[in-house]
Amino acid sequence: MTALIEKWQKEREKKAFLALEDGTIFHGVAFGYLKDAVGEVVFNTGMAGYQEILTDPSYAGQFVTLTYPEIGNYGVNEEDVESRSLFLNGLVIHDLTEPSNYRSTMSLDEYLKKAKKPGIYGVDTRALTIHLRDHGNMKAYLHVEGQGQGEEISEDEAVRRAKAWEGLDGQDYAAKVTCSESYEFHHSSLNTHTSTLPLVVAYDFGVKTNILRNLTEFARVTVVPAKTSAAEVLAMKPDGVFLSNGPADPAAVTYAIENIKALLGKVPMMGICLGHQLLSIASGAKTGRLKFGHHGCNHPVKNLKTGAVEITSQNHNFAVLPETVPECLEVTHINLNDGSIEGVRHKEYPAFSVQYHPESCPGPHDSKYLFDQFKEMISK
Amino acid sequence: MKRSDIKSVMLIGAGPIVIGQGCEFDYSGCQAIKALKGEGYRVILVNPNPATIMTDPEMADATYIEPISLEYLTAIIEKERPDALLPTLGGQTALNAAMDLARNGVLEKYNVEMIGANADAIDKAEDRNRFKEAMIKLGLDLPRSKSAHSMEEAIQVRNEIGSWPVIIRPGFTLGGTGGGIAHNEDEFAAIVRRGLDASLNTEVLIEESLIGWKEYEMEVMRDKAGNAVIVCSIENLDPMGVHTGDSITVAPIQTLTDREYQAMRDDSIAVLKEIGIETGGSNVQWAVHPETGRRIIIEMNPRVSRSSALASKATGFPIAKIAALLAVGYTLDELRNDITRETPSCFEPALDYVVVKVPRFTFEKFPMAEKKLGTQMKSVGEAMAIGRTFKEAYRKALRSLEVSNPLDLHDISSFDPWFKREIAEMDAFEKYLKSFGSLKAIPTDVFAQAKTMGFGDKEIGKLFEISEVDVRTYRYELGIHPSFGAVDTCAGEFKAITPYYYSTNACREEGVGCRGRCTKEDSIPASKKKIMILGGGPNRIGQGIEFDYCCCQAAFALKKRGFEVIMVNSNPETVSTDYDTSDKLYFEPLTLEDVMEIYEREKADGVIVQFGGQTPLNLAMKLKAAGANVIGTSPEDIDLAEDRDFFKRLVEEVGINEPPSGIAHSVEDAVKIAEEIGYPVLVRPSFVLGGRGMAIVYKEKYLRSFVEEAVKVAEGKPILIDKFLEHAIELDVDVVSDGETTVVGAILEHIEPAGCHSGDSASVTPPISLSEKIIDEVRAYAHEFAKRLNVCGLMNLQLAVKDNELWMIEVNPRASRTVPFVAKAIGEPLPGIAARCMAGEKLKDIGFTEEKKLTYSCVKEAVFPFAKFPGVDITLTPEMKSTGEVMAIHDSEHIAYVKSQIAAGSPLPLKGSVFLAIRDEDKKEAVKYAKELDKLGFTIYATRGTSTALWNEGVKSRAIYRVSEGRPNALDLIRSRTVSWIVNTNEYGAQAAVDDIRIRSSAVVAGIPVTTTLAGFESAVQGLAEENAAKLYQVVSLQERNLASR
């Protein structure tokens, strides 16, 4: 009990606040690595899967607010990681709890400490979410009082710093999170060395591991850095090219758009999330910012071909604008909540992409069939 | 798309409330009826439970208050010719009844299509072997198990499993009746025997024990296109081994990673597909080993269940409504989400709060029942609470229960470490708070933190032995108030339209509460007048669906009159907590603290306390003192009626007899008073609910032992002793008054003589044995009491008639348990009318000024949970024991009685053998009825004493030993099912003879009807004598009756 009382007393001293660029302040208690940070605040409505979110490179540059209030319950483990590191700028939650799960090897608090990422709990995340829903995603500054960098700043100063930050629009974050050199991806439980399997070259714009795991079920997978040229890729004689998910603004990743243009028609392609946006832009479409993006595990998406509805995992702020879809693209999937475009297929070339995450992690597995679709496409 | 080839749909309700099947099926049925009617289908409903909202005449197109039996359902189908039967919304009762209709070829004969789930899918889900086969096909892990149809087979299976304990589950029953966990051979034999008896197909499943494993539930919806969503995931705190209905549960799942959850999701959807549930909601249960993660499928319910009701309330997703619409051909993406109105129903609700459900038990009513949780459900009700954290939701749920030791029966050490730690932290925090020494010494931020953990004012007060009002006053000084969050299905992602709220203190903005901060979006200033209605909280014996019925009726009536109606309740099973029953719903505990925060936030114009039973009534004075405007009969007048001295004076002034009485503070007092007023006496503690601790005592010896017990129950309050009016006829009278005019709703005559709790007694209206003069007197007294108590709203009087003289027993100026029955009988929405009076209207403006004259007879019969508590005495006493009731209507009161027995699940045999064990004072009367039975061709068995009495009057009978006298005895007759009816009356007040208890409880377990009163015996015999098949199975809908009577 004494330990608990100490914890509660300590908590009273570990104050932190999150200052939004519009001047709104959210108070809470610091956890994880105690340091100040700046980023864009987004929310995610998934009720489980925080470890996958933490390790998803698509969150680079962002503070993720988890709307589900009890976080940390099942700790973290060695398997549920989606990349080599933690890419988000900070975690905003309502309540931090101690773990209980048979696979847990560490608490969330320790995990963030180790990865040098700050977190804030005790935040009224519902109020924050509604604020973001009504006013759009915002730049924010997280300040840890009395500790961290040792510098005391006022709320006004924090707001100023949030405003002053460059933000994500027009930023090429893919370049920041991509791998430094190409490598072959091996799934521990599958033998992917069989040379009879087709070769898929996967562009890493911030790829999630479970995408690669799904691809290795039917292909040898070579992951290449975001800036690898089309010529280099073609020289590898791939049977298919995969365009990965990734952070920030697709319009800023101009080199990838050029590469995709060069690859279109020469090799079958599949894209997910950022990869979907890039494929669409390369085909002539434009992307724009959604007010507060799609971040959750419960979005209904309709497959326009079959009429079936998939419950999907989503994480994006930008989307293909319906009015800009060129003649050569067919819209294959739409979001039933807001009608936004969730998938396209190229009418002339073997290429398709989806805005959401068929690889899930976190989220439902309803859309796994898309990988089968890619498998069929490359074996033709 | 909606099917146009069907025009009419028949719906079967769940019948009376029993343990394992509560008012959640009224909720699901109501949603379904509204949805189907909204789509233009003709809806035909069968349900003999008069206390349900679904059976209100304005709900379905044709409402049959008829027994749910093959004969009646067939008669209704023959008459109504529905195109389709939707069997998945009336619990196991409806499912079993539908299967019965299918098996007997009735559906085929009348060309009725089963929609929602077909007979094969239901069979596949319910038949243990077929289910197991299907799960193996899917590659799912199962406990080692096998079913058995006999004791020998059972022992063989047990040996194959090879380890203790093993679980025994009977096939085709309600709420796990007859099941159990056996740790050794003796227990095994006992449970298997009971299970084989309880199973409709004489089958038990014996399986490897998963005791201690983590238990999870998934609520799945599926449409005909194969789209499937998980509406809600639920984790049980009590691990495997405790029935999920008795478990504390939490939504969503707390201790699984996304990977583990998603695998369970995939498998749950696959289960529905494999079983063949084409449309609708099902519940899939899983067990997970806490250390290895091995996951085993437990079962699936191919229908809307108790958990679906909880899931609907927890998420805002109306499972029953959507299930009904999917059954008539819609797909999930074609239906809108009512809460957001923008997004489709084809989604999985995202929660940004935690929901905790806790069960409420009534073991105090059944002192002889085993007070231990197991695989057989024993709880009678539940409370649900919503909070931003587990701690907050958990504490809110516990305080909603209104019991002092809510965790008594739960083994916290068996909970997952995550929950154990959460609970331990709360306990530690309590000590931490206490360590400050006094309330005002607690630092403000620590006090605020206590609130974020869900500590109520009352609980904090207890720590320092000060009142909840003192803590509340101090909290107001500090300015700490909860904020309110919306249950919006989407964690704030979209704007919610339907206002469904919960309070939370867990937002730590600025270290204190943040009223209005969380949900700026939803506090809409209303132009209408706002009236709050307080519900009844968790169901318990004595306070259940009847009061929810009154609350809902009041809401409907006031909404129609242009008020903004705000409902407050904590019971997830109810219609009152459906988001569209009122204009605004607050899912909150019914305490001074919680209610006043809502009252003040809403700036309500008035609050109604008289419809929710004792729970809101207990709050009335406190609410008034805190500044709330309690409308209707004033809290002072309600209280006065409970005040014995005042009541005595009132009775004297009115000039009616009252049984002589006295107040005792000790055993000696009691003995003295009893000698003065004369035996038998009625003994009870003051201030009780549902007759708790009451008894009729004939002898000093019993009085002494009883009063000793009663003193304990009464916790220092005095014991009341009344002269008991032996063999009197008891009356229940429900009236409505606007303060000027008073109208009698109905006068109910009890079929059992005075002494059995009014909630347990069968009763009939119009009265059958009262003179017009007595009835006139009753009316006059009703008017007089309403006037003198300044009644505005409902009032219930209990009177007794002895030797043609009226005696006053009790007056309660509030809704009573019989109000829904009366409303059904007379075809008038009595609570709605009362609510309108309370809101200021006059009866003459409403157009209800005359007592209705009925041309038919309505019988109410109570339904008891005895089968759940083997070994418990089933004798009716002043202590209420029933969980539910049924209604039967017929032109003949005797046929109505016989029908009520069918509806209550213990149909009297039309022929066969009857066993009579009659106490001496009843023998003379009983012989007359036995003669009738003899004439009807019954074979009569009787105890030796009874047999002699019969022989003396020339009635043939076979004498049988009582249990302790030798064999063959009564128990042998029961076990061999030689007798099909038992009439057993025993002496009041006496400690019920062990023999009698054994006879009756074995009969209940064997499903043999037992009549325990002479009056019941009389009605039954007359009904059987008069009966002929054509008359008995005559079915008339409520709508036809109401039209005919107008």
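The values are calculated or read from the model by the stated rules, or taken from the named source; none is laboratory data. Computed from a predicted model, the values in this text were never measured in an experiment. All Cβ positions, even for glycine, are placed from backbone atoms using ideal geometry, and neighbour counts span all protein chains on display.
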> Quick check: anything in region B:219-228 small (G, A, S) and facing another protein chain (nearest Cβ under 8 Å)?
Replying inline: yes
> Residues of region A:325-380 being hydroxyl-bearing (S, T, Y) and more than 14 Å from chain B (Cβ to nearest Cβ), which ones?
Replying inline: A:T332, A:Y349, A:S353, A:S379
> Among A:T125, A:T97, A:T105, which is more than 18 Å from A:M47 (Cα to Cα), among the β-branched types (V, I, T) and touching a residue at least 24 places away in the same chain (Cβ under 8 Å)?
Replying inline: A:T105
> Between a first residue in region B:417-436 that is facing another protein chain (nearest Cβ under 7 Å) and a second residue that is surrounded by fewer than 19 Cβ atoms within 10 Å (Cβ to Cβ) and acidic (D, E), which pairs have beta carbons less than 7 Å apart while being 6 or more apart in sequence or on different chains?
Replying inline: B:R421/A:E98
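Go through region B:835-856 and report how many residues are part of a helix (DSSP H, G or I) and touching a helix residue (DSSP H, G or I) at 6+ places or on another chain (Cβ under 7 Å). If you could, list the steps in order and put the result at the bottom.
First, the residues of region B:835-856 that are part of a helix (DSSP H, G or I): B:835-838, B:843-846.
Filter once more, keeping what is touching a helix residue (DSSP H, G or I) at 6+ places or on another chain (Cβ under 7 Å): B:835-837, B:843, B:846.
The qualifying residues number 5.
Quick one: how many residues across region B:938-952 are out of contact with any strand residue (DSSP E or B) (no Cβ under 7 Å at 6 or more places or on another chain) and modelled with pLDDT under 90? Break it down into steps so the answer makes sense when it comes.
Let us first name the residues in region B:938-952 that are out of contact with any strand residue (DSSP E or B) (no Cβ under 7 Å at 6 or more places or on another chain), namely B:945, B:948-949, B:951-952.
Right, trim to modelled with pLDDT under 90 and you get B:945.
Summing the residues that are out of contact with any strand residue (DSSP E or B) (no Cβ under 7 Å at 6 or more places or on another chain) and modelled with pLDDT under 90 in region B:938-952 gives 1.
Each row is one residue, and each column tells you yes or no for (1) surrounded by fewer than 18 Cβ atoms within 10 Å (Cβ to Cβ); (2) β-branched (V, I, T); (3) under 24 Å from A:D172 (Cβ atoms).
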site: A:V224; (1), (2), (3): no, yes, yes
site: A:A231; (1), (2), (3): yes, no, yes
site: A:L274; (1), (2), (3): no, no, yes
site: A:S280; (1), (2), (3): no, no, yes
> For A:S85, all conditions in the list (1) among the small types (G, A, S); (2) surrounded by fewer than 24 Cβ atoms within 10 Å (Cβ to Cβ); (3) touching a residue at least 40 places away in the same chain (Cβ under 8 Å) hold save one; what is the number of the exception?
Replying inline: (3)
> Residues of region B:316-335 being surrounded by 24 or more Cβ atoms within 10 Å (Cβ to Cβ), within 14 Å of chain A (Cβ to nearest Cβ) and among the β-branched types (V, I, T), which ones?
Replying inline: B:I322
> Among the helices (runs of 4 or more DSSP H) contained in region B:883-969, which hold 2 or more residues that are among the charged types (D, E, K, R), out of contact with any Leu (no Cβ under 9 Å at 6 or more places or on another chain) and over 17 Å from B:P1009 (Cα atoms)?
Replying inline: B:920-935
> If we keep just the residues of region B:399-416 that are closer than 24 Å to B:V595 by Cβ and part of a helix (DSSP H, G or I), which is farthest from the other protein chains (Cβ to nearest Cβ)?
Replying inline: B:L401
>> Conditions first: (1) part of a helix (DSSP H, G or I); (2) modelled with pLDDT under 95. B:A35 passes all but one, so which condition is the exception?
In response: (2)
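Quick grid of which residues meet (1) in contact (Cβ under 8 Å) with a residue 60 or more places away in the chain; (2) assigned to a loop (DSSP other than H, G, I, E, B); (3) touching a Phe, Trp or Tyr at 6+ places or on another chain (Cβ under 6 Å); (4) farther than 15 Å from B:E885 by Cβ:
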residue: B:G40; (1), (2), (3), (4): no, yes, no, yes
residue: B:P48; (1), (2), (3), (4): yes, yes, no, no
residue: B:L73; (1), (2), (3), (4): yes, no, no, yes
residue: B:I77; (1), (2), (3), (4): yes, no, yes, yes
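What number of residues in region A:50-73 are on the phi > 0 side of the Ramachandran plot and within 12 Å of the chain's Cα centre (by Cα)?
First, pick out the residues of region A:50-73 that are on the phi > 0 side of the Ramachandran plot: A:61, A:72.
Next, only the ones that are within 12 Å of the chain's Cα centre (by Cα) stay: A:61.
Here the count works out to 1.
Limited to region A:337-369, what total is found for residues that are under 15 Å from A:L304 (Cβ atoms) and surrounded by fewer than 23 Cβ atoms within 10 Å (Cβ to Cβ)? Step through it out loud before you land on a result.
Initial filter on region A:337-369 (under 15 Å from A:L304 (Cβ atoms)): A:339-345, A:347, A:352-356, A:367, A:369.
Remaining after also requiring surrounded by fewer than 23 Cβ atoms within 10 Å (Cβ to Cβ): A:339-340, A:345, A:347, A:369.
Counting residues in region A:337-369 that are under 15 Å from A:L304 (Cβ atoms) and surrounded by fewer than 23 Cβ atoms within 10 Å (Cβ to Cβ) gives 5.
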> Taking interchain pairs and intrachain pairs at least six residues apart, which have beta carbon atoms under 8 angstrom, with the first residue in region A:292-307 and farther than 14 Å from A:P364 by Cβ and facing another protein chain (nearest Cβ under 7 Å) and the second in a strand (DSSP E or B) and of a type in the set (A, V, I, L, M, F, W, C)?
Replying inline: A:K302/A:V309; A:K302/A:I334
> If you scan region B:288-307, which residues turn out to be within 15 Å of B:S247 (Cβ to Cβ) and within 14 Å of chain A (Cβ to nearest Cβ)?
Replying inline: B:V288
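Look through region B:417-464, keep the residues that are part of a helix (DSSP H, G or I) and small (G, A, S), and return whichever of them is surrounded by the fewest Cβ atoms within 10 Å (Cβ to Cβ).
From region B:417-464, those part of a helix (DSSP H, G or I) are B:417-434, B:439-441, B:444-452, B:457-463; that's our starting set.
Checking which are small (G, A, S) leaves us with B:424, B:428, B:441, B:448, B:450, B:461.
Working: B:A424: 14, B:A428: 17, B:A441: 12, B:A448: 20, B:A450: 22, B:G461: 18.
By that ranking, first place goes to B:A441.
Which of the helices (runs of 4 or more DSSP H) contained wholly in region B:590-646 include at least 1 residues that are under 19 Å from B:S570 (Cα atoms)?
On the way: elements: B:592-602, B:614-625, B:635-642.
Fully inside region B:590-646 and qualifying: B:592-602, B:614-625.
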> When region A:103-147 is examined, which residues are found to be aromatic (F, W, Y) and over 21 Å from A:R12 (Cβ atoms)?
Replying inline: A:Y111, A:Y141
> Looking only at residues in region A:300-341 that are of a type in the set (D, E) and under 23 Å from B:M221 (Cβ atoms), which one is modelled with the lowest pLDDT?
Replying inline: A:D338
> Taking region B:800-814 as the search range and keeping residues that are under 26 Å from the mean Cα position of the chain (by Cα), of a type outside the set (V, I, T) and not in a loop (DSSP other than H, G, I, E, B), which one is modelled with the highest pLDDT?
Replying inline: B:N812
> Among (1) over 30 Å from A:L243 (Cα atoms); (2) within 14 Å of chain B (Cβ to nearest Cβ), where does A:R160 come up short?
Replying inline: (2)
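Give the residue, chosen from B:A526, B:A496, B:A450, B:A486, that is at pLDDT 90 or above and within 25 Å of B:D580 (Cα to Cα). Write out each step before concluding.
Numbers: B:A526 fails: at pLDDT 90 or above; B:A496 fails: at pLDDT 90 or above; B:A450 fails: within 25 Å of B:D580 (Cα to Cα).
Just a single option satisfies the conditions, and that option is B:A486.
May I ask you to say which residue of B:D352, B:D338 is part of a loop (DSSP other than H, G, I, E, B), more than 12 Å from chain A (Cβ to nearest Cβ) and over 26 Å from B:D408 (Cα atoms)? If you could, list the steps in order and put the result at the bottom.
Details: B:D352 fails: more than 12 Å from chain A (Cβ to nearest Cβ).
Step by step, each of B:D352, B:D338 is checked, and only B:D338 is part of a loop (DSSP other than H, G, I, E, B), more than 12 Å from chain A (Cβ to nearest Cβ) and over 26 Å from B:D408 (Cα atoms).
Okay, residues lined up against (1) of a type outside the set (A, V, I, L, M); (2) under 22 Å from B:I833 (Cβ atoms):
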{"residue": "B:P718", "(1), (2)": "yes, no"}
{"residue": "B:V736", "(1), (2)": "no, yes"}
{"residue": "B:L748", "(1), (2)": "no, yes"}
{"residue": "B:I751", "(1), (2)": "no, no"}
{"residue": "B:G755", "(1), (2)": "yes, no"}
{"residue": "B:S771", "(1), (2)": "yes, no"}
{"residue": "B:I775", "(1), (2)": "no, yes"}
{"residue": "B:R788", "(1), (2)": "yes, yes"}
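Wholly within region A:34-145, which helices (runs of 4 or more DSSP H) include no fewer than the required count, namely at least 1 residues that are more than 11 Å from every other protein chain (Cβ to nearest Cβ) and at pLDDT 95 or above?
On the way: elements: A:50-54, A:108-114, A:125-135.
It comes to A:50-54, A:108-114.
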